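The values are calculated or read from the model by the stated rules, or taken from the named source; none is laboratory data. All values reported here derive from a predicted model rather than from experimental measurement. Quick reminder, even Gly has a Cβ in these numbers, built from the backbone with ideal geometry, and neighbours come from all protein chains shown. When the accessible area is computed, the model is the full protein with side chains, heavy atoms only, and any ligands, DNA or RNA have been set aside. Shrake-Rupley method; radii C 1.70, N 1.55, O 1.52, S 1.80 Å.
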Amino acid sequence: MSYFFSCFSRLRSSSKCFSSTFRSSQFHNFKTQKDAPIKEVFNFENKKAPWLNWSSSLLPLALAVSAGSLTFQSHSNPSLCDTFNIDARGVSYGGKGSTEFVVKASHKEIPQELIDELKIICQDNMTLDYEERDIHGKPQNSFHKSVNIPDVIVYPRSEEEVSKIVKLCDKHKVPIVPYGGATSLEGHTLSPSGGVCIDMSLMKHVKALHVKDMDVVVEPGIGWMELNEYLEPHGLFFPLDPGPGASIGGMCATRCSGSLAVRYGTMRDNVISLKVVLANGDVVKTASRARKSAAGYDLTRLIIGSEGTLGVITEVTLRLQKIPQYSVVAMCNFPSVKDAADVAIATMMSGIQVSRVELMDEVIMKAINLANGKNLPECPTLMFEFIGTEVYAREQTQIVQNIVSEHNGSDFVFAEDPEEKKELWKIRKEALWACFAMEPTMETMISDVCVPLSRLADLISKSKEELDMSPLVCSVIAHAGDGNFHTMIMFDPNREEHRKEALRLNQFMVHAALSLEGTCTGEHGVGMGKMKYLEEELGMEALRTMKRIKAVLDPNNIMNPGKLIPPHVCV
């Protein structure tokens, strides 16, 4: 904890403002010279972080990720930028204008001394095997790739081991990449500069279940599906449902959600407290187990969504829900995705507390028919889930059926039998894998954007029009109840024209969402793939604030470096 309190001490300390000359020369007029020598991606040999004093403007909510205005004094590197290898255009990977899928970064050989020290801690729970390192260095569902892979994989069994591992890496200034279920899509677990991959899969125990409080304390390696199997006999469940295989720690790191977010919120709303190992090995507890608290900075929300750039999560306290007494699943068809989106909006505006509203376009439905031998109508489709008492769920179903009929909807069917409901939801759950049946030799660029609910129909219409004109096979699937939708673009990464077209489509949808006051990612996170859009979405001052927070908590820049914060952001 001493390190964490020292961070607060730095935040509280203030100094007189720098002279206007120094301020102008060191910060406002900093520019990258075209002829300047290319620096390494991460310079792990710097002696100490060059930030020391703060301006007289304090950072009141810095550790709660609120906007603040800070000025850092700099010694050896006034820009404090992460400089990736620069291409012929002067564009760094992940920065504005980046079009590369393969991350190219410098690699520093890991010291033998560190490997020997890790063996003492992890014993047999570490590996230098190339195949294992290669698997960990290549995310299974992400089109992002890296030239380098981790130098070593460690499998800690306890929070104490994680702390010791991180402390050693900080001492040797070797990068760390936390690793969960490996289901992330934006290159979060890539190791562009090698280093140590901390695989949390052995830390998957349920530490405490408080049935009467409806919360559970777990280690980060447990999967959400495993957790719900454990909770079911107690009549409880954890309501977030991202991709199969996702771990609780990774879900916290990416601030994920899923189809039930329209009812229960995202990961941000369902985590009560965390324990986190900071970059120097200190262990921090972010909150108590109380359902609400106004005590201090909201450190829990700071860590959720930080993507391993601030610390390694070692314990999570989750808010649970009662398994619904009764549920109804419904499905209906529409002539266009706009009609379907309009019904989703109208349903939410009606005040009905639906638990799921999922939209699939005609391409998805065709893929499902092809993959599973079904004969479903190949047109835009909405799926709903209604929960509550039997009477209430049926009443909701009838109200939505009326809304559907007013918006050109047809073929409204619903199921109450458990097996029939399971069969209907199977259609939605298999959508991604069904797409591969259409183009089995292709890879998929999976992306997501999110807009205010009232803008969803406009965004989907614009995007769908652009996707349909493309020579690539493209499909749309949406969590329509909260304005979040995904695209699956099938492309051959070895063909330049495919890569360019896939990238163009992705950029079109992101910029369209941002123009409608939306976000470049609703639930997949930033990683390396969405960094280049953050300045347009959040503004440079917000990014500088993030950079300063990371600089304080991770002065040697070892925690998942090169992710989340664009490399061109300087403080």
Region 168-222: Rg/Rh from Cα coordinates, Kirkwood Rh?
-> 1.14
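Sum up the charges of everything whose Cβ sits under 15 Å from the Cβ of residue 226, counting Lys and Arg as +1 and Asp and Glu as -1, but leave residue 226 out. Before the final figure, lay out the partial values.
Details: positive: 204, 207; negative: 219, 229, 232, 241.
Residues close to residue 226 contribute a combined charge of -2.
Over the alpha-carbon set of region 313-384, divide Rg by the Kirkwood Rh and report the Rg/Rh ratio to two decimals.
Values: Rg = 16.3 Å, Rh = 14.5 Å.
Ratio value, two decimals: 1.12.
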Whole-number accessible area per residue in Å² for region 372-464, which is evaluated in the context of all protein chains at 1.4 Å | 50
So what's the gap between the Cα centers of region 208-227 and region 228-269, to the nearest angstrom?
-> 10
Whole-Hz ³J(HN,Hα) from phi, Karplus 6.51 cos²θ - 1.76 cosθ + 1.60, for region 210-225, glycine and proline x | 10, 4, 5, 8, 6, 9, 9, 10, 10, 7, x, x, 6, x, 5, 6
Summed over the other residues with a beta carbon less than 9 angstrom from that of residue 260, with K and R at +1 and D and E at -1, the charge totals 0
For every other residue with a beta carbon closer than 13 angstrom to the beta carbon of residue 508, add +1 if it is Lys or Arg and -1 if Asp or Glu, then tell me the sum.
-> 0
Applying the Karplus parametrisation 6.51 cos²θ - 1.76 cosθ + 1.60 with θ = phi - 60° to the phi angles of region 439-448, what ³J(HN,Hα) value in whole Hz is obtained for each residue in order, glycine and proline being reported as x?
-> 9, x, 8, 9, 9, 10, 8, 9, 9, 9
Once phi for every residue in region 318-331 is put through the Karplus expression 6.51 cos²θ - 1.76 cosθ + 1.60 (θ = phi - 60°), the whole-Hz ³J(HN,Hα) values, with Gly and Pro written as x, are 10, 7, 10, 10, 6, 4, x, 5, 8, 8, 10, 10, 10, 9
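Can you give the extra length, in nm with one decimal, that the chain gains between residue 138 and residue 288 once fully stretched, where that is 0.36 nm per residue apart less the Cα-Cα distance?
50.3 nm is the gain from fully extending residue 138 to residue 288.
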Using R₀ = 30 Å, calculate the FRET efficiency as 1/(1 + (r/R₀)^6) where r is the Cβ-Cβ separation of residue 346 and residue 230; round to 0.05.
-> 0.20
